[in-house]
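Contents: one structure, followed by commentary.
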Amino acid sequence: MKEKVTSLNHPELEEKIARELAGMTFTKNFRSHTAEEWYVFLPSYSDPETTGAVGKVIIHYDLLGNRDIFINTTIIFDDPTLYEPSVYPLVYAIADELVNRLVGFANTLLSVHAGANSFQAEYVR
């Protein structure tokens, strides 16, 4: 079981994290009134079946009244290389950056599916 607090300070991964975040792109696949689906692309990772997107992000808007929004965000990674425990800080950094870029400054519950590196987090802005 994962610790609730994990150190993400791994100097040996800093360069790799910076390279992946700098090269990360995404494209919107679907949008409705209450949800969006985005495909995520990384320079060094891809879906082994399709050699395409490394994963997808599903953002579901839970409207609370007429002004408060709570967002549920799910990230699913398809490259099994990202399931290795040694790259957990990389998976965490990618997920954090995706929330920052796609969700922005909104309260969100995050669920990341990446094999042994799966985790949940709550962002309160």
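The trypsin sites (Lys or Arg not before Pro) found in segment 44-124 that occupy coil by DSSP, while having at most 16 further C-beta atoms within 10 Å, are Arg67. Helix 11-23 and the long axis of the chain differ in direction by around 50°, with both axes built from C-alpha atoms.
Relative to the longest principal axis of the Cα atoms of the chain, the long axis of helix 88-98 lies at roughly 30 degrees. Stretching the chain fully between Asn100 and Ile69 yields a gain of 9.6 nm (0.36 nm per residue, less the alpha carbon separation). Accessible area per residue for the chain, computed on protein heavy atoms with a 1.4 Å probe, is 59 Å². You can think of it this way: the chain between Thr25 and Gln120 has 31.9 nm of extra reach, that is 0.36 nm per residue less the Cα-Cα gap. Springs between alpha-carbon atoms under 10 Å, Gaussian network over the chain: tell me which of His33, His113, His60 tops the mean-square fluctuations. Taking springs between Cα atoms under 10 Å, the residue moving most is His33. Using a Debye calculation, one point per C-alpha and no hydration shell, please list log10 I(q)/I(0) for the chain at q = 0.12 Å⁻¹ in order. The Debye formula, applied to the Cα set alone, gives -0.45. Please report how far the C-alpha centroid of segment 20-90 lies from that of segment 92-116, rounded to the nearest whole angstrom. Here the answer is 8 Å between Cα centres.
Between Glu12 and Ser44, the contour length at 0.36 nm per residue exceeds the Cα-Cα span by 9.9 nm.
The values are calculated or read from the model by the stated rules, or taken from the named source; none is laboratory data. Note that the structure is predicted; figures quoted are calculated from it, not measured. No Cβ is skipped: glycine too gets one built from the backbone with ideal geometry, and neighbour counts run over all protein chains shown. SASA here: full protein model, heavy atoms, side chains in, ligands and nucleic acids out. Shrake-Rupley method; radii C 1.70, N 1.55, O 1.52, S 1.80 Å.
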